[in-house]
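Visitor: One structure, as structure tokens, below. Some questions next.
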Amino acid sequence: MSKVEFICATEKDTADVGQKLAKIARKGDVFALFGTLGMGKSVLSRAFIKSLTSAEEVPSPTFTLVQTYETADFDIYHFDLYRIKSADEIFELGAEEAIYEGVCLIEWPEKMGPYLPNNAFRVEITPFASGRKITIETKDINKQKRLETLVN
């Protein structure tokens, strides 16, 4: 499994990574955003969504659990699973359809348990110096090729 890393000193750097990921997004992609509170998952998601849509406001789906945005090629489903109690609740949110029909940005993907797709882009945001390190990897060989275009 190959991976790419970005060192982000500022919130803008984190947003830039979100915009880069949006450029390689294809229908059926899942971006699983791992990181503790305040790491920048929503910042990355907002930049991703804004770069592909005309949305002026991109609220965090903390309370609604999912927000949907239309693009010309697919719908973007932005999930925040922090408040779900059981992995089975994702089906009530329409996650199964979203995973196959759109592009998913999933904050707190560990809450999905065994339902998190094996071929997802795993986006890990961790503290690094006074900023963040974003590590992105996937087990899918075709997605790895798209991922590698971000650093070339």
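Visitor: Going by average Cβ neighbours within 10 Å, how do the peptides 125-135, 15-25 rank, with the highest at the top? Don't skip to the end; give the middle numbers.
Guide: Values: 125-135: 15.7, 15-25: 19.6.
Ranking the peptides 125-135, 15-25 by packing returns 15-25, 125-135.
Visitor: Something else now. Please give me the summed charge of the neighbours of residue 15: other residues whose Cβ is under 11 Å from its Cβ, Lys and Arg +1, Asp and Glu -1. List each step's numbers first, then the result.
Guide: Details: positive: 12, 20, 46, 50; negative: 11, 13, 16.
My count for the surroundings of residue 15 gives +1.
Visitor: What distance in nm separates the two pseudo spin-label positions at residue 88 and residue 27, each 7 Å out from Cα along the beta-carbon direction?
Guide: Inter-label distance under the simple model: 3.2 nm.
Visitor: Using only the Cα atoms of the chain, each taken as one equal point scatterer with no solvent, compute I(q) by the Debye sum, divide by I(0), and report log10 of the ratio at q = 0.18 Å⁻¹.
Guide: -1.07
Visitor: Moving to a separate point now. State the answer as a single residue: which of 113, 81, 144 lies farthest towards the positive end of the charge dipole of the chain, with beta carbon charges of +1 for Lys and Arg and -1 for Asp and Glu, about the Cα centre.
Guide: Towards the positive end, the residue furthest out is 144.
Visitor: Would you mind checking 3/133; 20/145; 23/145; 12/41; 12/143; 23/85 for any pair whose Cα atoms are more than 22 angstrom apart? Show your work: numbers first, answer last.
Guide: Working: 3/133 12 Å; 20/145 14 Å; 23/145 13 Å; 12/41 13 Å; 12/143 25 Å; 23/85 33 Å.
Over 22 Å Cα-Cα: 12/143; 23/85.
Visitor: In deg cm²/dmol and to the nearest 500, what is the mean residue ellipticity at 222 nm of the chain if only DSSP H runs of at least 4 residues count, each as -39500 (n - 2.57), divided by the residue total? Kindly include the intermediate steps, with their values, before the conclusion.
Guide: Values: 5 runs with 45 residues, N = 152.
Mean residue ellipticity, 222 nm, calculated: -8500 deg cm²/dmol.
Visitor: A follow-up question, please. Any idea what the dipole of the chain comes to, in debye rounded to 20, about its Cα centre with Lys/Arg Cβ at +1 and Asp/Glu Cβ at -1?
Guide: Values: 19 positive and 23 negative charges, 122 e Å.
Here the size comes out at about 580 debye.
Visitor: Now a separate question. Compute the signed sum of charges (Lys and Arg +1, Asp and Glu -1) over the other residues within less than 12 Å, Cβ to Cβ, of residue 134. Before the final figure, lay out the partial values.
Guide: Values: positive: 3, 20, 41, 122, 132, 133; negative: 5, 13, 16, 124, 137.
Net of charged neighbours comes to +1.
Each value in this text was obtained by applying a stated rule to the coordinates, not by laboratory testing. Since this is a predicted model, take the numbers as computed values, not measurements. FYI the Cβ positions are ideal-geometry reconstructions off the backbone, even for glycines, and counts take in every protein chain you see.
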